[in-house]
Each structure stands twice: as structure tokens, then as C-alpha cells.
Amino acid sequence: MENVAGANNTQTAAGANKAYQAAVIGVLSSVAVVLMYLEIPVPFMPPFIKFDFSDLPALLGAFALGPAAGVIICLVKNLLHLLVSNSMFVGELSNFMLGSVFVAVASIIYRMHKTKRNALIGGIIGAVAMGLFSVVSNYFVVYPAYYALAMPEEVILQAYQAIFPGVNSILECLIIFNVPFTIVKGCIDVAIAMFIYHPLSPILKGKKR
């Protein structure tokens, strides 16, 4: 009887933990959606590219609950954003792909050795991975979709050339503009996470201090 009771208690605790994690993912996804609306124009980027902090909640969730949780937060926030978006799904697709690479890489490295130093290293590597991946995702998926649905290729190229006339192709634009912007954007999220993750960690994990 004691074994049965112990097994039932374990199952109950596991179920409660999963429910708590689902609730945390829901809250972080909602915060991420709100942050997607707080877009900041960047003077050295074309007007259709703006800065936001919406990857930060996904990064916190990935550190606390694992890479799968971070990717789920990226997915949910973009599905919710689709309800009122005018980007024809392309912006959300890009945000999901880049954010998923960022938080998954950062979390995987952090979970190898859970220290603040490793979190910082993982976050920076994740930001660099996101920046490099942005060239592939934008060149082969996102920008071709924009060409078909929103803006012709030459219009997008002209937007970059208005900032730096020396660029002659979209690929050059992605390397010169998007890669550093994306890496810096990720690193800013990492820097903020370094300050707020420790006090939030018990809440995110459902543990008492």
C-alpha cells in the first residue's frame, strides 16, 4: 500500500509540475507578445526592421525549463501575434526561426553546466548562432516570401542602399546589416537576463527559495 501511495504522490507531483510549467510558458508567451509591440526603430537599419525585447521571455524560459520550453514560447508568441499582424505571416516566421535558434543554443550550453558564467557564454554563442542563421533564413526563406507578398527585391535593396549606397545585393545587405544587428539584439537580451534571471528563477521553476 505504501508503494502505491508513493507512486500516486509521485504522479500527482509530476502532474502538478507539468501544469505549473505550462502556466509559466503561457505567462512568458503573453509577456513576449506584449514586448513584440514595443518596437524601437533603428537609425542604421531599413524601416521594416525594428528592435524589440520579445526574445527575452523565451530566453528566461529556456534557461529555467529547457530548450523545448524556449522554442514553445517563441512559437506561441508568434501564433498570438498573427491574430493582429499585417506582415502576412512572414515577420512571425522569421521571428520564430531566429528566436528558436537563439534560445535553444543558449539553453543547451547553459544546461551542460548551470552557472552564471555558462549562461553568459551560452547566450553569446546563441546570439552569434542566431546572427549567422539569419543570413540563411532571410536569403532563402524570409526575403523571397517578402518579394512575393509585400515588397519587390529591388525596393528592399533600395531601402538598404539609402543607408549605405555601397551594397549591391541582398546577400551583402544581410551580411553587413542584419548579422551584426541580430547579434547585438541577442546580446542585449542576454545582458538583461543576467540581471533578472537569478531572482526570477525560483518563480519560473516553481521552487521556494
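The values are calculated or read from the model by the stated rules, or taken from the named source; none is laboratory data. Computed from a predicted model, the values in this text were never measured in an experiment. Positions of Cβ are generated from backbone atoms using ideal geometry, with glycine treated the same way; all protein chains shown enter the neighbour counts. Keep in mind that these areas ignore ligands, DNA and RNA; they rest on the heavy atoms of the full protein, side chains included. Shrake-Rupley method; radii C 1.70, N 1.55, O 1.52, S 1.80 Å.
For the range 50-66, the set of residues classified as within 11 Å of the chain's Cα centre (by Cα) and not in a loop (DSSP other than H, G, I, E, B) consists of D55, L56, P57, A58, L59, L60, G61, A62, listed by residue number.
Checking A58, A23 one by one, the residue that is closer than 28 Å to K114 by Cβ, of a type in the set (G, A, S), in contact with a Phe, Trp or Tyr (Cβ under 9 Å, 6 or more places away or on another chain) and at pLDDT 95 or above is A58 and no other.
Just one of the numbered conditions (1) open to solvent by 30 Å² or more (accessible area, probe 1.4 Å); (2) modelled with pLDDT of 95 or more; (3) not in a helix (DSSP H, G or I) is not true of R209: (2). Within the range 117-165, the residues that satisfy the criterion of being under 19 Å from V184 (Cβ atoms), touching a residue at least 40 places away in the same chain (Cβ under 8 Å) and not hydrophobic (A, V, I, L, M, F, W, C) are G123, G126, G131, S134, S137, N138, Y160. Mind checking whether some residue in the range 169-178 is surrounded by 15 or more Cβ atoms within 10 Å (Cβ to Cβ) and hydroxyl-bearing (S, T, Y)? Scanning the range 169-178, I find no residue that is surrounded by 15 or more Cβ atoms within 10 Å (Cβ to Cβ) and hydroxyl-bearing (S, T, Y), so the answer is no.
If you take the residues in the range 17-48 that are touching a strand residue (DSSP E or B) at 6+ places or on another chain (Cβ under 9 Å) and in contact (Cβ under 8 Å) with a residue 40 or more places away in the chain, which one is least open to solvent (accessible area, probe 1.4 Å)? This residue is M45.
Yes/no per residue for (1) closer than 19 Å to A62 by Cα; (2) under 19 Å from the mean Cα position of the chain (by Cα):
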{"site": "L93", "(1), (2)": "no, yes"}
{"site": "Y110", "(1), (2)": "yes, yes"}
{"site": "R117", "(1), (2)": "yes, no"}
{"site": "I124", "(1), (2)": "yes, yes"}
{"site": "L171", "(1), (2)": "no, no"}
{"site": "D189", "(1), (2)": "yes, yes"}
